[in-house]
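Below is one structure; the comments refer to it alone.
Laboratory data are not the source of any read-out in this text; all were calculated from the coordinates shown. The model shown is predicted, which means the values in this text are computed figures rather than measured ones. Here Cβ is always computed from backbone atoms with ideal geometry, including for glycine, and neighbour counts include all displayed protein chains.
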Ligand SMILES: Nc1ncnc2c1ncn2[C@@H]1O[C@H](COP(=O)(O)OP(=O)(O)OP(=O)(O)O)[C@@H](O)[C@H]1O
């Protein structure tokens, strides 16, 4: 059963097309990683799904209703980002109490335990928290809300590596105990990988790829060998990336499907796996040029 359906969803922001006829469906009780480069449209998509923004055109359904200004969606969808708009005058403990009053499935025990674990003080004001601590508190709020759908927009922004690790673990444990639908946008796919079931890659406001993580892990292979050989051998294949890695040596990443791996090895090329994280980087790369070109 799908809890999110987007059909030809376009969102224009002035002259910018943030989402461009985007089509996606999200299954109930899955954790999806939303991956894309800066400006790809991730936040725009999440805000539309949370009912905060209205699309310019297209059809959106979240929990079977149009999310924009929907009470059903407000009560059952949590949108967590690093600029949560909590009232300035409320202390952290008052914010958690407000969460308890608003969300039907709110888990006070979980909120309290995480609050203590991460050493928050009940009288602190949200506006006085450091960036990483604010993200940590927002994460606690998002998990404790236990909404049917939780949308985390770059939730680990500002967190140090150890807190990011704790966050991932807390999220996984709570999800396993209370399965629900989560979409997490992040620039740290390698750290999130073990949590994710599906990956949705967006580029220029369109869905480029939406597959289970295992499919992405096996999506591409790396070939290293004599430049002339590698470059010639990949001409009729779907190439994601090429780089000269040494004297007369080329590394090419190609879509795995239909590649005769044994033949490549026999010809003297080294065949290596390509991580899901790297696949996403290569898929969302600029089509021409790279940072090296700036220094030419
Ligand atoms: N309020 C706005 N006014 C004008 N343009 C906007 C506005 N919000 C977003 N955009 C533009 O829409 C596009 C998509 O932005 P969005 O924030 O959705 O990207 P993103 O994938 O979340 O990026 P990032 O990874 O940097 O957070 C960008 O080109 C951005 O500049």
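Summary value for the stretch 218-294: 38 percent relative contact order, contacts being C-alpha pairs under 8 angstrom separated by 6+ residues.
Per-peptide packing, taken as the mean over residues of other Cβ atoms within 10 Å, places 137-147, 249-259 in the sequence 137-147, 249-259 from highest down.
In percent, rounded to a whole number, the relative contact order of the chain is 19, using alpha-carbon pairs under 8 Å and six or more apart.
Length available on full extension from residue 98 to residue 72: 0.36 nm per residue minus the Cα-Cα distance, which gives 7.6 nm.
Multiplying the residue separation of residue 84 and residue 178 by 0.36 nm and removing their Cα-Cα distance gives an extension gain of 31.4 nm.
Of all DSSP bridge pairs formed entirely within the chain, close to 70 percent run antiparallel.
With the Cα gyration tensor of the stretch 218-294 giving a ≥ b ≥ c as the square roots of its eigenvalues, does the rule (a/c under 1.5 for rounded; else a/b larger than b/c for prolate; else oblate) give rounded, prolate or oblate? Taking the square roots of the gyration eigenvalues as a ≥ b ≥ c, the stretch 218-294 is oblate. What residue among 232, 97, 13 shows peak mean-square fluctuation when the chain is described by a Gaussian network model with Cα springs under 10 Å? Largest GNM mean-square fluctuation: 232. The residue 262 and residue 285 beta-carbon pair, evaluated with R₀ = 22 Å, returns a calculated FRET efficiency of approximately 0.15. Counting only alpha carbon atoms, the long axis of helix 131-145 and the longest principal axis of the chain meet at about 70°. Comparing 283, 129, 189 in a Gaussian network model of the chain, where Cα atoms under 10 Å apart are tied by springs, the biggest mean-square fluctuation is seen for 129.
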